[in-house]
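In what follows, a structure is listed as structure tokens, so that the remarks can point back to it.
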Amino acid sequence: MPQEFDVVCLGGGVAGEAIAGRLRGSGLTLAVVERELVGGECPYWGCVPSKTLLRSGETLAEAGRARSLAASKVEWDLDFPKVSKRVLWMARDLDDTRPAAALEATGAKLIRGAGKVVDLRTVEVEGGQYVATKALVIANGGTAAIPPIPGLDQVEYWTNRQAAIPREHPATLIVLGGGAVGVELAQAFARLGSKVTVIEAGPTFLALEEPEAGMALRPHLEEDGITILLGDAAERVDKG
């Protein structure tokens, strides 16, 4: 039998959490449907782990600058398992126990599973139906866009998720796409010693930002050892 709530929110990321907070004490009932982790992309596969990864590389880059600023000799060996462990720790070890408890503390009902909108008011989750009597909110976030490049489906590739929480250190890395996420991860891995190439099909990278941003940033990325290819789309992927 369908269960009724005043509001049903499809997605327990930052938007779902915000809705739960705003409706707390309002007298309205809320169901939040989440198929992965409460909190969404940012704390587990986005902002938090990627900035932690960047900070690790930044630390090594600053240590390198000490040679010209304050020291005659600076040496280190990359301990990538340490980097990986810290990134995972900052991403809460992919454990949403506390965020889930905080969500439910607002009075919202958390429903685990993949939701499917079956009509304007109803969400179905693993056979159960949840009906929104006042509002159905779609806040299901996004996923990486996989380009239709011949051969790509024949190799094991990373999306931003695997790159943000890396289990291994790649000697070489090709980043398809010169947007903010791709450039951020490219710099992080380059500063950790990977040989990185960014391939952007468009005439500029960071195309969604001000044109000056890409122009100003490019020499710094190249100084980090990153090769940037613009205006040529990847035509094929072959397993090496």
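Since every read-out is calculated from the coordinates, none of them should be taken as a lab result. Not measured: the values here are computed from a predicted model. Don't worry about glycine lacking a Cβ; one is built from the backbone with ideal geometry, like all the others, and counts go over all protein chains shown.
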- [ ] Excluding residues on the same chain fewer than 8 positions from Lys116, give the lysines whose Cα lies under 29 Å from its Cα.
- [x] Lys134
Task: Intensity falloff of segment 152-230 expressed as log10 I(q)/I(0), Debye formula with alpha-carbon point scatterers, at q = 0.14, 0.16, 0.18 Å⁻¹ - done: -0.43, -0.56, -0.70
- [ ] Just order 88-97, 11-20 by mean Cβ neighbour count inside 10 Å, highest at the front, would you?
- [x] 11-20, 88-97
Task: Relative pair counts by distance (%), Cα atoms of segment 1-104, 5 Å bins - done: 2, 11, 16, 14, 12, 10, 8, 7, 6, 5, 4, 2, 1, 1, 0
Open item on the list: Show me, for segment 188-199, the HN-Hα J-couplings you get by feeding each phi into the Karplus relation (A = 6.51, B = -1.76, C = 1.60, θ = phi - 60°), rounded to Hz, glycine and proline as x.
Closed with: 4, 6, 4, 6, 9, x, 6, 8, 10, 10, 9, 10
Task: Cys with no candidate disulfide partner in the chain (beta-carbon separation under 4.7 Å rule) - done: Cys9
Task: Most positive-pole-ward Cα, Gly179, Pro166, Ala135, against dipole of segment 88-240 from beta carbon charges - done: Ala135
Task: Summed residue charge, Cβ within 11 Å of Ala135's Cβ, Lys/Arg positive, Asp/Glu negative - done: +1
TODO: In debye, nearest 20, what is the charge dipole magnitude of segment 152-230 about its Cα centre with +1 on Lys and Arg Cβ and -1 on Asp and Glu Cβ, if you could check?
DONE: 240 debye
- [ ] Could you tell me the largest-minus-smallest coordinate of the C-alpha atoms of the chain on each of the three principal axes, in descending order and whole angstroms?
- [x] 69, 42, 35
TODO: Please list 113-120, 64-71, 192-199 highest first by mean number of surrounding beta-carbon atoms within 10 Å per residue.
DONE: 192-199, 113-120, 64-71
Open item on the list: Explain nothing, just the number: relative contact order of the chain, from Cα pairs under 8 Å at least 6 residues apart, as a whole percent.
Closed with: 24 percent
